[in-house]
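The values are calculated or read from the model by the stated rules, or taken from the named source; none is laboratory data. Quantities reported herein were computed from a predicted structural model and do not represent experimental measurements. Here the Cβ is made from the backbone with ideal geometry for all residues, glycine too, and neighbour counts use every protein chain on show.
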Amino acid sequence: MIKKHILIVEDEPSIAGFYQEFLSENYQTTVCGDGEQALTFFEDAKVNIDLVVTDQAMPKMNGKELSIALLSQKPDLPIIMVTGYNDDISAENACDIGLKHFYSKPVSLFKLADTIDLYLAGS
């Protein structure tokens with residue numbers, strides 16, 4: 001069985017590592033350290049990206065900008081934003097740009113996994 005592929009976009013290596021280690025048991029994962037790297041990977045990927053977990057505050061391209069760019073290419077892509085910095089985005093306007101879910105850090109890895117399962121179950 002082919003595992004669903006999650007793109008993790010997080011500039012803090014320890015957080016990205018936690019996400020990847022926790023999720024890689026059930027999903028294929030790729031980590032990118034900023035929005036520009038993630039967008040390039042998404043556009044060049046030889047695999048289908050089934051879901052994105054992204055931070056908001058990152059160098060080069062923030063999570064909101066990345067989400068808008070990704071959704072312009074794949075409008076049905078589930079994107080979950082997990083951020084500790086939310087001056088530029090809130091749960092209310094996250095929905096307006098097409099994000100499926102918005103969490104403030106810290107978020108329980110189990111809660112994150114449940115949310116991911118909700119979007120990827122049966123797809």
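Observations
- Test: residue 64 is at pLDDT below 95, surrounded by fewer than 16 Cβ atoms within 10 Å (Cβ to Cβ) and of a type outside the set (Gly, Ala, Ser): no
- Residue identified as modelled with pLDDT under 85 and surrounded by 15 or more Cβ atoms within 10 Å (Cβ to Cβ) among 57, 69, 94: 94
- A single entry from 19, 103 fulfils the requirement of being surrounded by 13 or more Cβ atoms within 10 Å (Cβ to Cβ) and assigned to a helix (DSSP H, G or I): 19.
- Residue in region 99-119 that is in contact with a Pro (Cβ under 6 Å, 6 or more places away or on another chain), of a type outside the set (A, V, I, L, M) and at pLDDT below 95 present: yes
- Residue list for region 34-54, filter: at pLDDT 95 or above and over 22 Å from residue 98 (Cα atoms): none
- Set 14, 24: member being more than 16 Å from residue 83 (Cα to Cα) and without any contact (Cβ under 8 Å) to a residue 12 or more places away in the chain: 24
- Residue match in region 39-55 (condition: free of Cβ contacts under 8 Å to residues at least 12 places away in the same chain, in a helix (DSSP H, G or I) and within 24 Å of residue 4 (Cα to Cα)): yes
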